[in-house]
Amino acid sequence: MSDAPVQPEAKTHTHSPNHHHHHHHHDHHHNHQHTHTPPHTHGHAHEHHHHHAAPQYPNHVIHGPQQSVHLSIGVSFEESLSGTSKYLIVEYEETCGVCAGTGVTVENHGCDMCSAEGVYVDPMSGRMAECHHCSGYGLFEVGRPCRHCDGHGLASSTVEQKVAVPPGVSSGDFKEYMLPRLGERAMFYMEHSDIPLATVPMQGTKEALALAVRFEVKEHPYYDREGHNIILKAPVAVSSSLAQRGGTVTVPNPRGGVLQVEVPAGCRDGARLSVEGKGFWDHYSDSVGDLHVRLVYSDRGY
């Protein structure tokens, strides 16, 4: 790190570790899909969000007046910060209507002995006689693998469900969707995965299937989350001389790259700086949290 003052690119301020700030940010639009957050996460509700407990994991199926399925999907720290979209593949299966689930269809095959006539001329008597090979029918029934279901006995159809992951999402937040009920069972997969998240047998006569997708945000090796603020886990070392006269330090940016952070003159050993607007978006207040960085003297002489 350089002791030479550099024009700061990120606005900072020092504060005590227990003091949090949210700053209004008007570049984001409200997400109008149904995202649900447990009551302890946010203080005020947006009109499109509901305060009730998130579905409990693991993935499971609930049968009742409204058949529903609850799934949990993983979200990276970066995805929860910036938002993304994920895709669920829903594969519906039902008994094949062509072969009635047997996997076999019956086809008629003409008898080769009597040229499908059912009778032939007896070479001994010269008279017409019933073909003993096909018993006079002229045809044989031959079973072949059903072409409609490839011999599996089940016909399938696939639906792709887009799941929007809004920026600022937390573990326990979830979204709800209504899916068509097709066939006799549904299997849920993440895109590009062959491992089913859940298999749902269709029960009752309801025309829709309620899907609740619960988000699980994975931990990050370098950052922690505190409300809508981001905490850089490792302290940033500065010389005591730079801290006394003021300057800048370079810190990693959670969204990629680095930030030049201003160090106010007289900054104490162990002080925590806040970089405004570099945290998580709060869609309830339309504001963005801060990035918190702790400074330590590199020459404090252990």
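Observations
- Residues that are assigned to a strand (DSSP E or B) and either touching a helix residue (DSSP H, G or I) at 6+ places or on another chain (Cβ under 9 Å) or among the aromatic types (Phe, Trp, Tyr) (or both), drawn from the stretch 279-293: Trp281
Each row is one residue, and each column tells you yes or no for (1) at negative phi; (2) assigned to a loop (DSSP other than H, G, I, E, B).
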residue: Pro221; (1), (2): yes, yes
residue: Pro254; (1), (2): yes, yes
residue: Gln260; (1), (2): yes, no
residue: Cys267; (1), (2): yes, yes
residue: Gly277; (1), (2): no, yes
residue: Leu295; (1), (2): yes, no
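- Residue, most open to solvent (accessible area, probe 1.4 Å), within the stretch 198-237, restricted to residues that are more than 30 Å from Gly289 (Cβ to Cβ) and among the hydroxyl-bearing types (Ser, Thr, Tyr): Thr205
Residue-by-condition table, conditions (1) in a loop (DSSP other than H, G, I, E, B); (2) among the basic types (Lys, Arg); (3) at pLDDT 95 or above:
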| position | (1), (2), (3) |
| --- | --- |
| Val163 | no, no, yes |
| Met178 | no, no, no |
| Met187 | no, no, no |
| Phe215 | no, no, yes |
| Arg225 | no, yes, yes |
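- Residue check: Gly118 meets all listed conditions (1) surrounded by 13 or more Cβ atoms within 10 Å (Cβ to Cβ); (2) at negative phi but one, namely (2).
- Scanning the stretch 253-281 for residues that are closer than 16 Å to Ser82 by Cα and either exposed (fewer than 13 other Cβ atoms within 10 Å of the Cβ) or free of Cβ contacts under 8 Å to residues at least 40 places away in the same chain (or both) gives Asn253, Arg255, Gly256, Gly257.
- Every test in (1) out of contact with any Asp or Glu (no Cβ under 7 Å at 6 or more places or on another chain); (2) open to solvent by less than 20 Å² (accessible area, probe 1.4 Å) is passed by Ile195 save one, and that test is (2).
- Residues that are part of a loop (DSSP other than H, G, I, E, B), open to solvent by less than 70 Å² (accessible area, probe 1.4 Å) and at pLDDT 85 or above within the stretch 136-154 comprise Cys146, Cys149, Gly151, Gly153, listed in sequence order.
The values are calculated or read from the model by the stated rules, or taken from the named source; none is laboratory data. Bear in mind the structure is a predicted one, so any value in this text is a computation, not a measurement. Using ideal geometry, Cβ is built from the backbone for each residue, glycine included, and neighbour counts are taken over all protein chains shown. The protein model used for the area step is the full one, side chains on, heavy atoms only, and it has no ligands, DNA or RNA in it. Shrake-Rupley method; radii C 1.70, N 1.55, O 1.52, S 1.80 Å.
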